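Q: The structure under discussion is supplied below as structure tokens; questions concerning it will follow.
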Amino acid sequence: MEATELRARIEDLQAAYAECLDSNRLEQWPEFFTERCIYKIIPYENEALGMPIPLMYGDSRGMLRDRVVAHRNANFFAPHMYRHLIARMRIAGNDHGVVSTFTNYAVYRTMLDPGDYGRSELFSVGVYQDKIVFENGNPLFQEKIVVIDTSQISTLLVTPL
Amino acid sequence: MGASTQIHQTYANGHPAVDPTQVPYRLYTDPELYAREQEQLFRGPTWNYLALEAELAKPGDFRANFIGETPVFITRDQKGELHALVNRCAHRGAIVCREVRGNRKTMVCPYHQWSYDLNGTLRGVPFRRGVNGKGGYAEDFNPAEHSLTPVRIATYRGLVFGTFSDDVAPLPEYLGPAMREHFDTIFNRPIEVLGFSRQLIHGNWKVYAENTKDPYHGSLLHMFHATFGSYRSSQDGGMKVDEQGRNSLIIALKSDEKQELAAYTSESVGSYSKTLKLADPTLLAARPEFDRFSTTIQYIFPNLVVQQISNTLATRQLVPKGVDKFELLVTYFGYRDDDDEMRTMRIKQSNLIGPAGLIALEDGYAVELVQRAVAYDREAHSYIELGGRGTGNDDSLVTESAIRAFWKSYGELMGLRWGGSADGSNGTARAD
Ligand code: FES
Ligand SMILES: [Fe+2]
């Protein structure tokens, strides 16, 4: 694949991923990952200290599905929506078809509960450290490490970033 | 000004401010009371959790923290001794320690570069003799009189506590035998810090304190286990409350240990499910520890929670940030001798706890739901009579005894009159 096409394909993946979360189509979210995968949200604080504790973690598509099922059926939280702003990514390398990228993101959270309806706040800012592979011609995340600068979570984090 | 004087008189004149079964909501919203808490609780006769010794392993290690809202920092000096100091320069009051944690030989205040040893002793002052014989400090300037304000510390099993009080009971006594015994279990061997999380919750810190003394909400607010059938609500266990009513320990044991032990292999964990099943039950893969499968939530007044949920181990520190806000700082740990499998389990299970925790994230939300609803109803009150009106140990988990004990103890420390009847002898005061 040519460099420009590769970039275009991955940028489309990033955009579709963000749109999936922002439009509350969570059931489709695991489908952006390979069957065996790593999805991890880790505070910058831990990453910088070389400490392993994540806030959210999944190492299979199934575990990501469980997150969504819990989100829909088990967890209680104030209704809200996200809006991702994704900056231009840097392609850091291509190791035998595993493409590494770094992409800054910001997520605004807009509350949809009665007390706060329509109030937006900058909820999380950080960097996606992704590894992307192509399966049947489609780009998928083999690894998505979300290093959040916003180590201090406002209230709670239930919807994936 | 007029309003706050009135509030003060209301408390001082013995309006029944705290009946432990009926807590008026103004205790969550009153800024004057909040200011008094800073003096009478956090800077009063209490031991405040400051750090794990494991975070301060090497000489020169330090970390910034807070006692209530008072900034402090904790150091290990070159001789290996621990100190806690108020983070306020003896010159003109600037913050001295400006990083969350690190390693240094001295602490230098950036404003005019007064420099301090890690035990708080003033070492150097720029332009002490002035310049060209002019300015500077007088001959009788004595650096020894300008040290950083020390905070008295004590440690138990590798947990560091600090106090501003000369009168507080020694730490082991303050903790009490039941709480010490639990520390002896959890901190039985050297630990390794695995990471931190921070959560800003927009509610009064005491709403959260109640939450950690509330075994009733566990299977009702946190529906994850029930949803996936990985937990049955009939759990054995009990509630321990120390003599003063301040500290408490919830122990929830799985009701059928044999069955739970069989569930150790990840394949069978989801087997209780009637409806939904985990697609990937390795999330819950766990090993029994301390000879049992259990959840324990220990609260040490006023600012520490020690939690053990399955194989997750953590301290949670409450840092108040105003009457309607606090930060929850969670420090995750394992043991230094954990094998790789155990370490992996602890990391994976951290999905369950913390700000994004599958069985924990609701707590922040619940606190905020309370705070919002009570904001304008100062005289309305809660109803805390689950399990009766007692404030002591309970062998049931369907009880609010530890919450009542908390309010009783809180009322005493804050000098609030309490009790439903004039003399307070309505039975709610008894620790049984
Ligand atoms: S305030 Fe610290 S040196 Fe002046
Ligand atoms: Fe809870």
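Q: I'd like the distance between the alpha-carbon centres of segment B:280-312 and segment A:93-161, rounded to an integer number of Å.
A: 29
Q: Right, something else. Determine the alpha carbon to alpha carbon distance for each of B:277/B:348; B:325/B:408; A:144/B:277; B:254/B:277; B:79/B:325; A:144/B:254 and list only those over 28 Å.
A: Going by Cα-Cα distance, B:79/B:325; A:144/B:254 fall outside the 28 Å limit.
Q: Related question: Enumerate by residue number the chymotrypsin sites (Phe, Trp or Tyr not before Pro) in segment B:17-80 meeting two conditions: DSSP loop (anything except H, G, I, E, B), and at most 13 other Cβ atoms within 10 Å of the site's Cβ. Write out the running numbers ahead of the final one.
A: Values: sites: B:25, B:28, B:34, B:42, B:47, B:49, B:62, B:66, B:73; in loops: B:47.
Filter output for segment B:17-80: empty list.
Q: So if each residue of separation counts as 0.36 nm, and I subtract the Cα-Cα distance between residue B:216 and residue B:157, what length gain in nm does that give?
A: Computed gain between residue B:216 and residue B:157 is 18.3 nm.
Q: Which value, to two decimals, describes the C-alpha radius of gyration of segment B:48-156 once divided by 2.2 N^0.38 Å?
A: Taking the Cα Rg and dividing by 2.2 N^0.38 Å, one obtains 1.13.
Q: Run down the lysines and flag those whose C-alpha is under 22 Å from the C-alpha of residue B:321, throwing out any fewer than 8 positions away in its chain.
A: Output for residue B:321: B:206, B:213.
Q: OK, next. Once both labels are modelled 7 Å past Cα along the beta-carbon direction, what's the residue A:125-residue A:87 spacing in nm?
A: Going by the 7 Å Cα→Cβ label model, 0.9 nm.
Q: Counting only the backbone N, which residues of segment A:116-143 are under 18 Å from the spot 7 Å out from the Cα of residue B:376 toward its beta-carbon?
A: The answer is A:116-117.
Q: Could you give the length gained on full extension between residue B:236 and residue B:290, defined as 0.36 nm per residue of separation minus the Cα-Cα distance, in nm? Write out the running numbers ahead of the final one.
A: Details: separation 54, 0.36 × 54 = 19.44 nm, distance 1.60 nm.
Using 0.36 nm per residue and subtracting the Cα-Cα distance, I get 17.8 nm.
Q: Taking only protein heavy atoms into account and a 1.4 Å probe, give the accessible area per residue of segment B:48-156 in Å².
A: So segment B:48-156 comes to 51 Å² accessible per residue, rounded to a whole number.
Q: If we count every other residue with Cβ under 12 angstrom of residue B:189's Cβ, Lys/Arg +1 and Asp/Glu -1, where does the sum land? Numbers along the way, then the final one.
A: Working: positive: B:157, B:336; negative: B:184, B:192, B:289, B:337, B:338.
That sum, taken over residues with Cβ under 12 Å, equals -3.
Q: Then there is this: Does a label point 7 Å from the Cα of residue B:57, set along Cα-to-beta-carbon, have any residues of segment B:311-346 with amide nitrogen under 11 Å, and which are they?
A: B:336-337
Q: Here's a follow-up. First select every other residue whose beta carbon is under 13 angstrom from the beta carbon of residue A:161; then total the charges, Lys and Arg +1, Asp and Glu -1. Each step should come with its number before you reach the end.
A: Values: positive: A:40, A:67, A:83, A:109, A:144; negative: A:22, A:130, A:149.
With Lys, Arg at +1 and Asp, Glu at -1, the neighbours total +2.
Q: Put a dot 7 Å past each Cα toward the Cβ at residue B:115 and residue B:244; how far apart are the dots in nm?
A: Label at residue B:244, label at residue B:115, 4.1 nm between them.
Q: For an R0 of 56 angstrom, estimate the FRET efficiency from the Cβ-Cβ distance between residue B:277 and residue B:40 and round to the nearest 0.05.
A: 0.65
Q: Further question: Taking amide hydrogens as modeled 1.01 Å from N in the peptide plane, which residues meet the under 5 Å criterion relative to residue B:392, leaving out close sequence neighbours?
A: Amide H neighbours of residue B:392, under 5 Å, 5+ apart: B:432.
Q: Here's another thing I want to ask about it. Taking only C-alpha pairs under 8 Å that are 6+ residues apart, what is the relative contact order of segment B:48-156 in percent?
A: With pairs under 8 Å counted, the relative contact order is 22 percent.
Q: When the Cα centres of segment B:350-365 and segment B:90-122 are compared, how far apart do they sit, in Å?
A: Each part reduced to its Cα centre gives a spacing of 36 Å.
Q: Between residue A:6 and residue A:98, what is the label-to-label distance in nm when each label sits 7 Å out along the Cα-to-Cβ direction?
A: 1.5
Q: Taking beta carbons within 10 Å but only from partner chains, what does the mean come to for residues B:360-370?
A: Mean partner shielding for this stretch: 4.
Q: Using alpha carbon centroids, what distance separates segment B:147-199 and segment A:14-85, in Å?
A: 36
Q: Once amide H atoms are built 1.01 Å from N in the peptide plane, which residues 5 or more positions from residue B:385, or in another chain, come under 5 Å H to H?
A: Here the answer is none, since no amide H 5 or more places off falls under 5 Å of that of residue B:385.
Q: I need to check one value: relative contact order of chain B, counting alpha carbon pairs closer than 8 Å and at least 6 residues apart, in percent.
A: It rounds to 22 percent for chain B.
Q: Okay, moving on. Which shape class applies to chain A: rounded if a/c is under 1.5, otherwise prolate when a/b exceeds b/c and oblate if not, where a ≥ b ≥ c are the square roots of the Cα gyration tensor eigenvalues?
A: Prolate, because a/c is 1.5 or more and a/b exceeds b/c.
Q: Once the Cα atoms of helix B:2-12 and of chain B are each reduced to a long axis, what angle between those two axes, in degrees from 0 to 90 to the nearest 10, is obtained?
A: 60
Q: Let me ask something else about it. Give the list, by residue number, of cysteines in the protein assembly as shown with no other Cys Cβ closer than 4.7 Å, or say none.
A: A:20, A:37, B:97 - these cysteines have no disulfide-compatible partner (Cβ-Cβ under 4.7 Å) in the protein assembly as shown.
Q: With viscosity set to 1.567 mPa s and temperature to 4 °C, compute the Stokes-Einstein D of segment B:23-89, Rh being the Kirkwood radius across alpha carbon pairs; µm²/s, no decimals.
A: 95
Q: Using the Karplus curve 6.51 cos²θ - 1.76 cosθ + 1.60 with θ = phi - 60°, work out ³J(HN,Hα) for each residue of segment A:115-130 in order, rounded to whole Hz, and write x for Gly and Pro.
A: Going residue by residue, I get x, 10, 3, x, 7, 9, 9, 6, 8, 7, 9, x, 9, 8, 10, 10 Hz, with x marking Gly and Pro.
Q: Taking a quarter of the surface of the Cα convex hull of the protein assembly as shown, what do you get in nm²?
A: 32.5
Q: Which ³J(HN,Hα) values in Hz, rounded to whole numbers, follow from the phi angles of segment B:317-330 under the Karplus curve 6.51 cos²θ - 1.76 cosθ + 1.60, where θ = phi - 60° and Gly and Pro get x?
A: 10, 8, 10, x, 10, x, 5, 10, 7, 8, 9, 10, 9, 9
Q: Would you mind checking the tilt of helix B:177-186 against the longest principal axis of the Cα atoms of chain B, expressed as 0 to 90 degrees and rounded to 10?
A: 80
Q: Using only Cα atoms, tell me the angle between helix A:61-73 and the longest principal axis of chain A; keep it within 0 to 90° and round to the nearest 10.
A: Roughly 20 degrees between the two axes.
Q: Also, I was wondering about something else. Would you kindly derive the ³J(HN,Hα) couplings of segment B:76-81 from the backbone phi angles with the Karplus curve 6.51 cos²θ - 1.76 cosθ + 1.60 (θ = phi - 60°), listing them in order in whole Hz, with x for Gly and Pro?
A: Per residue, the Karplus-derived 3J(HN,Hα) values read 10, 7, 5, 8, x, 8 Hz.
Q: Follow-up question, since we're still on this one. Would you report the distance distribution of C-alpha pairs in chain B as whole percents per 20 angstrom bin, up to the bin with the largest distance?
A: Cα pair-distance distribution for chain B, in percent: 24, 52, 21, 3, 0.
Q: Please state the relative contact order of segment A:3-148 as a whole percent: Cα pairs under 8 Å, 6+ residues apart? Could the numbers behind the result be given before it?
A: Values: 265 pairs, mean separation 35.9, N = 146.
Relative contact order of segment A:3-148: 25 percent.
The values are calculated or read from the model by the stated rules, or taken from the named source; none is laboratory data. Predicted model, so just to flag it, every value in this text is computed and none were measured. Counting neighbours? That spans all protein chains shown, and the Cβs are built from the backbone with ideal geometry, glycine included. Surface accessibility is based on the protein's heavy atoms, side chains included, excluding ligands, DNA and RNA. Shrake-Rupley method; radii C 1.70, N 1.55, O 1.52, S 1.80 Å.
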